[in-house]
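One structure below.
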Amino acid sequence: MNEFYARERLAEVCKLLYDRNLTVSAGGNMSVRINEGEILITPSGRNKGMLEPEDMVKLNLDGEVLSEGRPSIEHRFHLALYRMNPETNAVVHCHPLNCTALAVRNEGLRCNITPEGVLLLGKVPMVPYSTPGSEELVDAVAECGWAKAMIMARHGALTQGRTLEEAYNRMEELEFQARLQLLVGNVEDLPADEIAKLEGM
Ligand SMILES: [Zn+2]
């Protein structure tokens, strides 16, 4: 993807996440792949509603900084996902309130209570807690790297996608499903044959 265009799209997605209350203040970090070996990621410590295209930091997949600015402290788990998943072109990590409520309770997200959950998210693992920015957290996220979406214990949520729009949509859906789960309480999953049918779609 053209770097200029990628910078604009990433700033747009950050603003959308912020405006939709999917992240607050400087929380979270978002990235997009611009070619096989390079990504753009949000800078460290900045409010996600106020980022400009030129604020995004360019890194190669070895973590070398190739532009102005200081990358997010969590850039290493982004890099791990890009290295292990060639089809991943965008990663969104943030702290949406309802996902974070489940994360603090260490209560797994149930993706099988509506068709959209099955179709857009699939199985959502819980990443065990490690200190933000640590090598242990990078390893824990990589262990769940097969998933479209993850809840991170005591921390927040993460999604990946083939495009920024797909990663964004998965985060919006994840937060919706978390909210729904907290509202409906102990409801049954969709019937097993219906889940199987949806999974085959
Ligand atoms: Zn975080």
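Every number here is computed from the coordinates shown, using simple stated rules; none is lab data. Predicted model, so just to flag it, every value in this text is computed and none were measured. All Cβ positions, glycine included, derive from the backbone under ideal geometry; neighbour counts span all protein chains shown.
Brief remarks follow.
- For the range 74-118, GluC sites (Glu not before Pro) meeting the loop criterion (DSSP other than H, G, I, E, B) and having at most 14 other Cβ atoms within 10 Å: E87.
- Amide hydrogen proximity for L51: with H placed 1.01 Å from N in the peptide plane, no residue at 5 or more positions away or on another chain lies under 5 Å.
- Positive-pole candidate from H78, A26, P191, dipole of the range 3-199, charges at beta carbon: A26
- Packing-based order for 124-131, 23-30, 66-73, 150-157, using average beta carbon neighbours within 10 Å, highest first: 150-157, 23-30, 124-131, 66-73
- Rg/Rg_globular for the range 123-201, with Rg_globular taken as 2.2 N^0.38 Å and Rg from C-alpha atoms: 1.24
- All lysines inside 29 Å of K123 as judged from Cα atoms, apart from same-chain residues fewer than 8 positions distant: K15, K48, K148, K197
- Hypothetical label at V24: residues of the range 35-74 whose amide nitrogen lies under 14 Å (7 Å Cα-Cβ projection): 48
- Derived from the Cα gyration tensor, the three semi-axes of the equivalent ellipsoid of the range 1-94 are 19, 13, 13 Å, largest first.
- The chain - Kirkwood radius from inverse mean 1/r over Cα pairs (Å): 16.9
- Using every pair of separate Cα atoms, the Kirkwood estimate puts the hydrodynamic radius of the range 85-161 at 12.7 angstrom.
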